[in-house]
Every structure is written in C-alpha cells, then in structure tokens.
1. Counting only protein heavy atoms and using a 1.4 Å probe, what share of the accessible area of segment 16-122 belongs to carbon plus sulfur, as a whole percent?
2. Over all directions, average the projected area of the Cα convex hull of segment 78-206 and note it in nm².
3. Taking the mean number of other Cβ atoms within 10 Å as a proxy for protection, how do you rank 158-164, 92-98 from highest to lowest?
4. Averaged per residue, what accessible area in Å² does segment 35-147 show with a 1.4 Å probe, protein chains only?
5. Could you work out, for segment 142-212, what percent of all Cα-Cα pairs fall into each 10 Å distance bin, beginning at 0 Å and stopping at the bin that holds the largest distance?
6. Starting from segment 127-198, pick out the chymotrypsin sites (Phe, Trp or Tyr not before Pro) whose DSSP state is loop and whose Cβ has at most 13 other Cβ atoms within 10 Å.
7. Cα-Cα over 19 Å: which of Lys98/Lys170; Lys27/Lys64; Lys64/Lys98; Lys137/Lys207?
8. Quick one: grab the alpha carbon gyration tensor of segment 189-232, order the square roots of its eigenvalues as a ≥ b ≥ c, and give me rounded if a/c is under 1.5, else prolate or oblate depending on whether a/b is larger than b/c.
Amino acid sequence: MELSCWGGGWGLPSVHPESLTVMAYAKFSGAPLTVNTINSSWKAPKGDIPVLVSEDNVISQPAKILNFLRKQKYNADYELSAKQGADTLAYIALLEEKLLPALLHTFWIEAENYCSVTKPWFASRIAFPLSLYLPGKMSREALNRILLTKGGPPLYSLAEVEAQIYRDAKECLNLLSKRLGTSQFFFGDTPTTLDAFVFGFLAPVYKVCFPRLQLQEHLKQLPNLCRFCDDILTCYFRLSVSDPALIISLQMDDNLRKSPQHPPRKLTTLKLAAGGEESSPFNRLSP
C-alpha cells in the first residue's frame, strides 16, 4: 500500500493536517504503508490529498482511508468499547466543526501567514507553472469552506467570521486539554483514531513558524496537548522527521500479520508526569 501526501517541514513528517492524520493512524495501527511525498496535487484523483493506493483501490479523504485500513485488519480502535467509539465520532465532529475553520484560516486566509509561509512552502514543492496557480486555488477553497460552515447569519462580515472561528477553536482546544488531562492518549496508554485526528490537527499549529500566532499561542498555554504532540513525534516518527523528503516504510511484525485483528501499537517508552493542565463533520467514520 502506498500513501501519496504533502511533505514535511518544521520537524513534522507532513505539514498537511489530513496527510498527517493518516500517517499517524498508520503508525498506530502498524499498517505497512510506503509514504511518498508528491509535487503536484493534480496527480491525485480530483486533486484530493492524501491518496492511498492498494492494488486496484484508490482511496482519498482521511475517513475513507482509515476505514479501508480497518477493513484490512489494521485497527487502532481494536480495544475500544462501543461508548469510546461513539466518543471518538463526537470528538472528531468537534474538531471539524470548531478547530478546522481556524486551522484553515491560519494557513490559507491570514494574509501575513499565507504570503510569508504557506504560499512559498507549497509553491516550492509544486512544478512550474502550477506553482503560480495552485496555492491561490487552495486558498480560495479554504475560504469557501470556512464561509460555507461559518458565514451565515448572524455573522455577515469576514471580520465577524474570523473572530468567531478563533473563539470556537480556543474553546475546542480547552475541551481537548481537559479531556486528555494527564493521560498519555485520549483513551489510556494506546493511541487510537481520535489521537491520530487530534495530532493531525494540532501538530501543524504547534510546530509551523507563522508570523501571526494567535492559535499557536493559545495551544502553547495547554502543556498537556503540546506534550501529546511531542511524544507522538518522538516515539512514532523519530526515524522520519529528520528528512522531509524521506520515503517512510512502515513495517509490521509477522506475528501481527497472522492475527485476526492486528492489535494497535502501544507506546510504553514514555511516562507522563502528573499535573498536566488542562455544524456537521465533513467525513464520517464508521464505528
């Protein structure tokens, strides 16, 4: 199985939240993916990234990719109860409704961030002449996505929309911090789908060096979420983050391949210290 996605920077294997979510889930579940960075989203069906190719199957969108991996018995949620599965869906919906608009705004709409960081970074990884066009197209799509979910009454101006999405995002970060508490992951000591989504959303905000840092500054006031990101990067991506262009091969133990369900990979090398502070989803995961 091969995953095509945007590359990395700032110590991240990918700066693209959707790509990072899938890469994290593959690490957690032990799925044997080969990850290749791409230089043009036009190589992907309908421009969707990330894209998973497995024999004759071509799958895009994180929720669909994760569901496909589960069907191949790479299930990071193998030990979750029905209630925990329902909680996973609820928190992913919260991320997409409350945090995603601010994430899109930070990368693609905030003028200073877009001009000095986002546009140059993506343009440098896209072949000419698409490098002149594609970042602008992605920025317009991000704005349309924000306005589609947040631009209706009573928010009529872009300034009002911006203020609201950052209030929502900060509230979401506070809720995530409270839910994580001093735990290593959201459901104990084993990472699951929810951890992959939270990591995919938070790590770019936490690590990318933007001139306008409104969301990053709030995230850094929640040390347990920062530690959560750092622990995953250290323990699951330590062989890949040093070189963004590296093709990452995720190998799996032969004994796990023979099992009816491949158990999720547990993180046992780190212990957390006590005292850590505290609309509809776009894609729906099957429980």
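The values are calculated or read from the model by the stated rules, or taken from the named source; none is laboratory data. A quick note: this is a predicted structure, and the numbers were derived from the prediction, not measured. Glycine gets a Cβ as well: all are built from the backbone with ideal geometry, and neighbour counts include every protein chain shown. To get the accessible areas, we keep the full protein, side chains included, count just its heavy atoms, and leave off ligands, DNA and RNA. Shrake-Rupley method; radii C 1.70, N 1.55, O 1.52, S 1.80 Å.
1. Whole-percent figure for carbon plus sulfur exposure: 51.
2. Details: hull surface 38.7 nm².
Result: a mean projected hull area of 9.7 nm².
3. Numbers: 158-164: 14.9, 92-98: 19.9.
With the highest mean Cβ count within 10 Å placed first, the list reads 92-98, 158-164.
4. Working: 5410 Å² over 113 residues.
Solvent-accessible surface per residue comes out at 48 Å².
5. Spelled out per bin, shortest first, that is 16, 37, 31, 14, 1.
6. Values: sites: Tyr133, Tyr156, Tyr166, Phe185, Phe186, Phe187, Phe197; in loops: Tyr156, Phe186, Phe187.
Hits after loop and neighbour filter: Tyr156.
7. On the way: Lys98/Lys170 9 Å; Lys27/Lys64 17 Å; Lys64/Lys98 21 Å; Lys137/Lys207 24 Å.
Violating the 19 Å limit, Cα to Cα: Lys64/Lys98; Lys137/Lys207.
8. Values: a/c = 2.62, a/b = 1.90, b/c = 1.38.
In terms of gyration-tensor shape, prolate.
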